[in-house]
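Right, one structure below, let's go through it.
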Amino acid sequence: MVTTTTPPRYLLTARNGVAVVFGLNGLGVASWFARVPAARDALDLSAGRLGMLLLAMSAGAILAMPTSGVVTHRLGTRRTVAVAATIAAGGLALAGLGGAMASILVVGMGIFALGYGSGTCDVAMNVEGAAVERRLDRTIMPRFHAAWSLGTVAGAGIGAGGARLGLPLAAHLILAAGIMLAGTLVAVRSFLAVDPDTPREKSGGVLAAWREPRTLLIGLLVLIMAFTEGTANDWLAVAFVDGHDVTEAAGAATFGVFVAAMTAGRTAGTVAIDRWGRVRTLAVTILVAGAGALIAILASSWAVALVGVALWGVGASLGFPVGMSAAADEEHRAPARVSVVAVIGYTAFLAGPPLVGLLGDRVGTLKALLIVPLILLPALALVPATRRRQ
């Protein structure tokens, strides 16, 4: 049942704080993604070598996952997000400096720290978001992820403008890191004062969640949808520059269209889910994502390809947040299940960059993206696992 009374002020403040943290996390990550072509040129990398470099960020995020749940339990979401944002911002600034130095090692270290910090922050802010959602007694998780997407829109827009104006990579990323860190440290002050994991689970809770079929199926669905989203994040700008012969600024703008479409999908997604349910909504959006990816890759003109990119973004928008909400259906098991689903989902960010990069060396970066519609078909069989539990 949806609550009709006005929520208490502290809860609305916590909701707003969570949304700001999601948005700033997205801005920081997108600032790197939007300037990947510039980093590739500065380091003189092939598609395969670029894929291996991008693996550093995914590796950082994956390594963060096994410990992020424990850290969140011990420190609480407020302190965990603050520490994680500091690590992520430092990594983003270091990546910019590495680009200026033309050092693959320094850039790799920077994006590893960015991945580790943002991965830890991801679990903690989703746990906080789930706690706020439960107390508000309404579906709002997709809108938190819409805030993340809105942050990526801002990051992509600033990146496109910076590329067009010739803003040095280091200056851009250091500025973005400062904005992300300062805003996050202010926003976490409004997080729920009490630990959201009530009653607190024992250490065996996460291990038990790994043995739950429903949790694992949700994790697999999130993995596929994360691959669908992450592949676009990592490769759309480069693929359009190389495959559709557009400028670097146009490539960054293409990425901006994708994240803008994701933002719209997540904003409107709560209405669709409340009306048609998780299963039907996800099935439709998965089909839209597959069709959009095909159009984006196979279109003969940039204008038509952008339509495909928009459909791809809308279709990929709900998989991750709905998976997190489904994992958090039962309050006393929510933290452990969210942690497990996040670990499985982030595996896509580990395997995706090198896989697409290796394919890109053989068939071209743009055609390598055809793997996205191929892997979306099995996802349809996993959608029923997200059916709401009372």
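The values are calculated or read from the model by the stated rules, or taken from the named source; none is laboratory data. Quick caveat, the model's predicted, so the values are computed rather than measured. Methodologically, a virtual Cβ is constructed for each residue, glycine included, from the backbone with ideal geometry; neighbour enumeration extends over all protein chains shown. Note: areas computed on protein heavy atoms with side chains; ligands, DNA, RNA excluded. Shrake-Rupley method; radii C 1.70, N 1.55, O 1.52, S 1.80 Å.
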* Structure fact -> Note on residue 139: of the conditions (1) without any contact (Cβ under 8 Å) to a residue 12 or more places away in the chain; (2) of a type outside the set (Lys, Arg); (3) in a loop (DSSP other than H, G, I, E, B), unmet is (1)
* **Residues of the range 95-124 classified as crowded, with 24+ Cβ neighbours inside 10 Å and aliphatic (A, V, I, L, M), total** => 6
* **Pairs with Cβ under 6 Å, 6+ apart, first in the range 260-286 and within 19 Å of residue 236 (Cβ to Cβ) and without any contact (Cβ under 8 Å) to a residue 40 or more places away in the chain, second of a type outside the set (Phe, Trp, Tyr) and open to solvent by less than 10 Å² (accessible area, probe 1.4 Å)** => 285/315; 285/318
* Asked: Could you list, in sequence order, the residues of the range 136-147 that are modelled with pLDDT under 85 and open to solvent by 10 Å² or more (accessible area, probe 1.4 Å)?
  -> 137, 138, 139
* Answer yes if at least one residue in the range 263-277 is at pLDDT 90 or above, in a helix (DSSP H, G or I) and either within 27 Å of residue 367 (Cβ to Cβ) or not hydrophobic (A, V, I, L, M, F, W, C) (or both), and no otherwise. => yes
* Would you check if residue 157 is closer than 22 Å to residue 313 by Cβ and either open to solvent by 20 Å² or more (accessible area, probe 1.4 Å) or modelled with pLDDT under 90 (or both)? => yes
* **Yes/no for residue 339 being under 18 Å from residue 276 (Cα atoms), in a helix (DSSP H, G or I) and either touching a helix residue (DSSP H, G or I) at 6+ places or on another chain (Cβ under 9 Å) or open to solvent by less than 10 Å² (accessible area, probe 1.4 Å) (or both)** => no
* Asked: So, of the residues in the range 380-390 that are out of contact with any Pro (no Cβ under 9 Å at 6 or more places or on another chain) and in a helix (DSSP H, G or I), which turns out to be most open to solvent (accessible area, probe 1.4 Å)?
  -> 381
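Let's see how each residue does on (1) over 19 Å from the mean Cα position of the chain (by Cα); (2) surrounded by 20 or more Cβ atoms within 10 Å (Cβ to Cβ):
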| residue | (1), (2) |
| --- | --- |
| 239 | yes, yes |
| 242 | yes, no |
| 245 | yes, no |
| 251 | yes, yes |
| 254 | no, yes |
| 274 | yes, no |
| 279 | yes, no |
| 287 | yes, no |
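Across the range 20-60, what is the total count of residues that are open to solvent by 30 Å² or more (accessible area, probe 1.4 Å) and of a type outside the set (D, E, K, R)?
5
To keep it simple, each residue is scored yes or no on (1) modelled with pLDDT under 80; (2) in contact with a strand residue (DSSP E or B) (Cβ under 8 Å, 6 or more places away or on another chain); (3) open to solvent by 60 Å² or more (accessible area, probe 1.4 Å); (4) of a type outside the set (A, V, I, L, M, F, W, C).
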{"position": "353", "(1), (2), (3), (4)": "yes, no, no, yes"}
{"position": "360", "(1), (2), (3), (4)": "no, no, no, yes"}
{"position": "363", "(1), (2), (3), (4)": "no, no, yes, no"}
{"position": "373", "(1), (2), (3), (4)": "no, no, no, yes"}
{"position": "378", "(1), (2), (3), (4)": "no, no, yes, yes"}
* Asked: Out of all the residues in the range 361-368, is one or more in contact (Cβ under 8 Å) with a residue 24 or more places away in the chain and on the phi > 0 side of the Ramachandran plot?
  -> yes
* Structure fact -> Inside the range 64-86, the number of residues satisfying the requirement of being in contact with a Phe, Trp or Tyr (Cβ under 6 Å, 6 or more places away or on another chain) and either open to solvent by 30 Å² or more (accessible area, probe 1.4 Å) or of a type outside the set (Ser, Thr, Tyr) (or both) is 3
* Failed condition for residue 329, given (1) in a helix (DSSP H, G or I); (2) touching a residue at least 12 places away in the same chain (Cβ under 8 Å); (3) not small (Gly, Ala, Ser), with all others met? -> (1)
